[in-house]
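Engineer: I'd like to ask you about the structure that follows.
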Amino acid sequence: DAGITQSPRHKVTETGTPVTLRCHQTENHRYMYWYRQDPGHGLRLIHYSYGVKDTDKGEVSDGYSVSRSKTEDFLLTLESATSSQTSVYFCAISRRGETYGYTFGSGTRLTVV
Amino acid sequence: QQPVQSPQAVILREGEDAVINCSSSKALYSVHWYRQKHGEAPVFLMILLKGGEQKGHEKISASFNEKKQQSSLYLTASQLSYSGTYFCGTDVSGNTPLVFGKGTRLSVIA
């Protein structure tokens with residue numbers, strides 16, 4: 001009902017395999033973000049998008065790539081998963097404007113074994 | 001740079017008040033506040049723009065001191081439902097993604 005969904009909700013994968021997480025929104029918001037959340041670190045920005053095919057890196061982008069071919073979908077790919085990428089991944093959306101906060105998806109818990 | 005939140009954790013009894021602080025080394029355009037309950041997504045509480053305004057949301061309010069690049073979140077007459085981790089997120093230009101602090105864990109007990 002918040003208009004943003006993430007899939008899958010949980011995933012266990014093996015080291016070295018590629019993994020793609022999906023973020024889907026129905027709000028037609030321009031801005032989309034991928035954050036990872038780890039104990040003691042808070043939320044750290046991986047990549048973000050400010051429009052279709054317009055993306056940029058965040059502070060922890062190494063080992064990750066993103067794509068946005070449609071307004072509603074923002075994909076995060078771990079090119080070759082490592083144990084250090086075990087985390088909870090949150091997607092967020094926002095409108096341009098001074099009074100709007102971020103709306104977060106429910107998160108994807110990824111475990112790399 | 002990541003904003004610094006203090007305290008890292010606080011325990012309150014129902015009805016008590018708390019203040020959570022967020023400090024940045026950079027000049028800020030805005031500060032956001034979010035609350036996250038265990039196992040859930042962060043939820044937006046409020047945004048404060050430069051200009052030193054104060055805002056309120058039920059019994060939760062916040063202020064932004066532009067000169068000190070600090071924001072404070074005030075929780076008055078705390079309720080059990082206020083328990084969770086509070087994050088501030090800072091924006092330096094109005095056009096950049098938020099940088100979040102490490103969070104303040106608030107526990108309200110009966």
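Engineer: Report those strands (runs of 3 or more DSSP E) wholly inside segment B:8-84 carrying at least 2 residues which are away from chain A (no Cβ under 13 Å). Quick ask: steps written out before the conclusion?
Structural biologist: Numbers: elements: B:9-13, B:18-23, B:30-36, B:43-49, B:54-57, B:60-65, B:70-75.
Correct list: B:9-13, B:18-23, B:54-57, B:60-65, B:70-75.
Engineer: Across segment A:50-62, what is the number of residues that are at the interface with chain B (Cβ under 10 Å from one of its Cβ atoms) and crowded, with 17+ Cβ neighbours inside 10 Å? Show your work before the answer.
Structural biologist: Within segment A:50-62, the subset at the interface with chain B (Cβ under 10 Å from one of its Cβ atoms) is A:50, A:56, A:58-59.
After this cut, where a residue has to be crowded, with 17+ Cβ neighbours inside 10 Å as well, the list is A:58.
So the answer is 1.
Engineer: With crowded, with 20+ Cβ neighbours inside 10 Å, among the polar types (S, T, N, Q) and over 10 Å from the mean Cα position of the chain (by Cα) as the only criterion, which of B:Ser30, B:Ser23 stands out?
Structural biologist: On the way: B:Ser23 fails: crowded, with 20+ Cβ neighbours inside 10 Å.
The unique qualifying residue is B:Ser30.
Engineer: A:His29 is checked against (1) open to solvent by less than 40 Å² (accessible area, probe 1.4 Å); (2) part of a loop (DSSP other than H, G, I, E, B); (3) modelled with pLDDT of 95 or more; (4) not polar (S, T, N, Q) and fails just one. What number does that condition carry?
Structural biologist: The one condition A:His29 does not meet is (3).
Engineer: Something else: Quick one: is B:Tyr74 aromatic (Phe, Trp, Tyr) and within 25 Å of A:Tyr48 (Cβ to Cβ)?
Structural biologist: Numbers: aromatic (Phe, Trp, Tyr): yes; within 25 Å of A:Tyr48 (Cβ to Cβ): no.
Considered against the rule, which asks whether it is aromatic (Phe, Trp, Tyr) and within 25 Å of A:Tyr48 (Cβ to Cβ), B:Tyr74 comes out as no.
Engineer: Still on this structure: Filter segment A:81-112 down to the residues that are over 21 Å from A:His41 (Cβ atoms), open to solvent by 60 Å² or more (accessible area, probe 1.4 Å) and either hydroxyl-bearing (Ser, Thr, Tyr) or modelled with pLDDT of 95 or more (or both) and list them by number.
Structural biologist: Within segment A:81-112, A:Thr99, A:Tyr100 qualify.
Engineer: Limited to segment A:67-113, what total is found for residues that are over 17 Å from A:Pro39 (Cβ atoms), β-branched (Val, Ile, Thr) and part of a strand (DSSP E or B)?
Structural biologist: To start, the set of residues in segment A:67-113 that are over 17 Å from A:Pro39 (Cβ atoms) comprises A:67-82, A:91-106, A:113.
If we keep only those that are β-branched (Val, Ile, Thr) as well, we get A:71, A:77, A:82, A:93, A:99, A:103, A:113.
This time we only want the ones that are part of a strand (DSSP E or B), so: A:77, A:93, A:103.
Here the count works out to 3.
The values are calculated or read from the model by the stated rules, or taken from the named source; none is laboratory data. If you're wondering where the values come from, they're calculated on a predicted model, not measured in any experiment. All Cβ positions, even for glycine, are placed from backbone atoms using ideal geometry, and neighbour counts span all protein chains on display. Surface accessibility is based on the protein's heavy atoms, side chains included, excluding ligands, DNA and RNA. Shrake-Rupley method; radii C 1.70, N 1.55, O 1.52, S 1.80 Å.
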